[in-house]
Structure formats: structure tokens, C-alpha cells
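See structure below.
Every number here is computed from the coordinates shown, using simple stated rules; none is lab data. None of these values were measured; they are calculated from a predicted model. Cβ placement follows ideal geometry from the backbone for every residue including glycine, while neighbour counts extend to all protein chains displayed.
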Amino acid sequence: MRDWMAHPDVMPILSPGRHRSPRRGACFMEFASYLAGERWSDHPACTHRTLAHLARMVNDQTSEAGRARLTPLIPTVIGLTSDDPLLDVLLAVRAATAALPIAAEERQHSLAVGVRVALEVLADRDDELAAELRELAEAALRAAPAADTWAIRFIEEVGPGRPGMTVRQCWALVTGAVDGISRACVGDPDDRLVALLTAAVSDTARFVDADRGRTGDRCAHVAEPATSMLDA
């Protein structure tokens, strides 16, 4: 007998939140699990976990009209995954730099700290994508100089921690970024969120293609990286 939860007979409608079945609607990643032929889930194996987290956040924070514009992106995230923890950091930087110049002041502080820590992680990377995101990060910090000054002082007071960023920290940065964009005093939050997810999908595709070119293997999920300063 066909497993209807693995292969639902109903085409789901994109909507916010988690859904017990496709008859109740689907978030972005639940829809991706449906298209990938996986068991119904908002955490399918077919998509890198931080990209999937970003997609869930954008799905929930856009308006109904904005959410409809996400639909063409759903098939593009299927198969985008990697076992390199650097991808979590790159996606967190992509999200944070989109939010930092426009977020409320209290949100800017945490975003700037996250961006500063991420820049340390990316400092020794000489590949094209990392270089592009470093430039974006530095531009975002220049666009929010007060927040950057606060972040530098905070990091100096806390002191150096373990190198790297955990997945949890990357997800927190993504969550803060999407929330910051959705609540910002701008006239086009939906446009910015759709553009952010579009850019993140492109970043991930480039990273995965390069990673597969280096290893010749299909990528799998990663283990939790070591704790670093942002856990303090």
C-alpha cells in the first residue's frame, strides 16, 4: 500500500508554519520534501540544514503575496547539501549582511557581533564565494558603524573563544536576520526576504558544485562543529 505521508496524493498549498499533512498546507521545506519524494517533513535530507532553516524562516515571515513568490525556488533547493561546516557560516553571513544595514538598533548589535565572528572564520579562505561574502560583510559593517563599534568593543570585553561557529550559532544569526528584515522600517520587506533566499540558494549551489568538484563525492550532513565565543 502506498504511504500517503511519504507520497501525498494532495498538492499542498504554501502557507506558514508546520503542517501535519499536505491537506493542511505546506511550508517551503515540507513542499520540498514532497517534490523530492521524501517522507513528509520540514527537515528533509535533500537540503542543507542552514539553507532549510533560512527557507523556513523566510516562508513564515513573508506575507501571503510574498510567499507565493517563493514557490519557483522550492525545486531548486533539492539536492543542495554539503558536509563542509563552512557552508553554515557562509549562509549565516549572507543573511546577516542583508539585515544589518536596516534592522533595529538592538538587533544590529547581535548581527554585527555575528558578522565579526564569521569574518574570523572566513579570514583564511581564498575561494571566490568566501571572498565575495567577506566583501558583503565588510560593506554591511560600514553601513552600520555604530553597531560595528559596539560589536568590536563587546568582543574585546568577552575575549577570544574557541575558533569557528556552531550550527546553532549560525541558525541564531539567520533567525535574527530574517526577523530583523521583516520588522525593519522599510517598504519592501517581502522583496528583501525573497531576494535573500534567492541569493542563498545560489550561494549553496555554487558551494556544492565546487565541493563535489573537489571531492568527486555526493555530500552528506555534517556533525556539530566546536563551540566558540558566541556561546558565551
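May I ask you to derive the FRET efficiency for R212 and L35 from their Cβ-Cβ distance with R0 = 22 Å, giving the value to the nearest 0.05?
Efficiency, rounded to the nearest 0.05: 0.55.
Once amide H atoms are built 1.01 Å from N in the peptide plane, which residues 5 or more positions from L80, or in another chain, come under 5 Å H to H?
The list, which skips near neighbours in sequence, is H48.
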